[in-house]
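Step one of this worksheet: look at the structure below.
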Amino acid sequence: MLTKKQRSQENSVFGVYIREGLYSLAQSRKNHWMEFFNIFNEKDEWDGIDLNKIDVLFTYSVAAHSLKELLVSLQDDNVLKNLRPMQSKIIATTDILAGTKGLVEMDDRCDSVDNKILIPKLIVKDHLEIIHTIELAGMHGNSEQIQKRILNFYETGINWDESKKFLFPHVTPPTPQKSSPYFIGK
């Protein structure tokens with residue numbers, strides 16, 4: 001079992017437990033952001049994997065120290081870490097009083113505060129692709145919800161954060177992605 005300190009190390013790669021016989025990989029990045037990858041295996045074995053060649057499914061700001069059921073192994077010595085720039089655009093509150101959600105770009109600190117506003121208010125009919133593909137600002141600390149999202153992608157090809165339904169109630173999940181889950185087992 002990983003310690004809280006290990007789960008909180010910046011730029012570490014972790015084996016991710018999805019369900020019995022299904023694992024994936026995640027890499028911590030700056031300021032508590034973590035990338036989850038489109039790669040799956042029946043065992044938590046990842047020798048020689050180059051994360052620079054694997055698609056990122058989504059990037060969440062996480063409370064990694066509380067994800068002990070999700071992050072089950074440290075894989076720093078077994079894989080090549082992702083060196084690509086992290087996704088810098090997020091959906092965030094742009095007007096607190098109005099409750100407006102817009103598209104912002106994080107600065108180099110990868111903080112969700114005081115960022116450049118790209119689109120002040122997202123409108124479903126005009127910005128559906130952004131709503132489908134860009135992640136929400138906010139801390140994620142529930143292993144089960146993250147596992148459910150990854151498993152849903154694995155089983156259906158649909159990469160969707162269910163919490164977006166509360167902010168954009170008329171939005172339906174996107175269609176399955178063209179790239180299928182990358183499974184290295186069997």
Rounded to 10°, Cα long-axis angle of helix 124-133 versus longest principal axis of the chain:
20 degrees
Any idea what the dipole of region 1-149 comes to, in debye rounded to 20, about its Cα centre with Lys/Arg Cβ at +1 and Asp/Glu Cβ at -1?
320 debye
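Beyond a 28 Å Cα-Cα separation, which of these cross-linked pairs lie in this structure: Lys68/Lys125; Lys30/Lys148; Lys53/Lys165; Lys43/Lys178; Lys53/Lys101? Mind dumping the intermediate values first?
Values: Lys68/Lys125 39 Å; Lys30/Lys148 24 Å; Lys53/Lys165 31 Å; Lys43/Lys178 25 Å; Lys53/Lys101 32 Å.
With Cα atoms farther than 28 Å apart: Lys68/Lys125; Lys53/Lys165; Lys53/Lys101.
Defining a contact as two alpha carbons under 8 Å apart and six or more residues distant in sequence, what relative contact order in percent does region 1-137 show? Intermediate results must be reported in sequence, preceding the final value.
On the way: 275 pairs, mean separation 30.3, N = 137.
Relative contact order of region 1-137: 22 percent.
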From the residues Ala98, Phe166, Ile117, which one has its Cα farthest along the dipole of the chain in the positive direction, the dipole being from +1 and -1 charges on Cβ of Lys/Arg and Asp/Glu about the Cα centre?
Ala98
Under 5 Å from the placed amide H of Gly141, counting only residues 5+ away or on other chains, we find Ala63
Long-range amide H contacts for Leu57: which residues qualify at under 5 Å (H placed 1.01 Å from N, peptide plane, sequence gap of 5 or more or a different chain)?
Phe36, Phe37, Asn38
Dipole-positive endmost among Ala64, Ile39, Leu74 within region 4-77 (Cβ charges, Cα centre):
Ala64
Please say if region 50-93 is rounded, prolate or oblate, where rounded means a/c under 1.5 for a ≥ b ≥ c the square roots of the C-alpha gyration tensor eigenvalues, and otherwise the choice is prolate for a/b larger than b/c and oblate otherwise?
oblate
Within the chain, percent of DSSP bridges classed antiparallel, to nearest 5:
80 percent
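Taking 8 Å as the Cα distance limit and 6 or more residues as the minimum spacing, I'd like the relative contact order of region 93-186 as a percentage.
Details: 90 pairs, mean separation 17.4, N = 94.
Relative contact order of region 93-186: 19 percent.
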Per-residue HN-Hα couplings for region 49-64, Karplus 6.51 cos²θ - 1.76 cosθ + 1.60 at θ = phi - 60°, whole Hz, x for Gly and Pro?
6, 9, 5, 5, 9, 10, 5, 7, 6, 7, 10, 10, 7, 10, 8, 4
Can you tell me the 0 to 90 degree angle between the C-alpha axis of helix 143-156 and the longest principal axis of the chain, rounded to 10?
90 degrees
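Coordinate-derived values only; no laboratory data. These figures come from a predicted structure and were not determined experimentally. Positions of Cβ are generated from backbone atoms using ideal geometry, with glycine treated the same way; all protein chains shown enter the neighbour counts.
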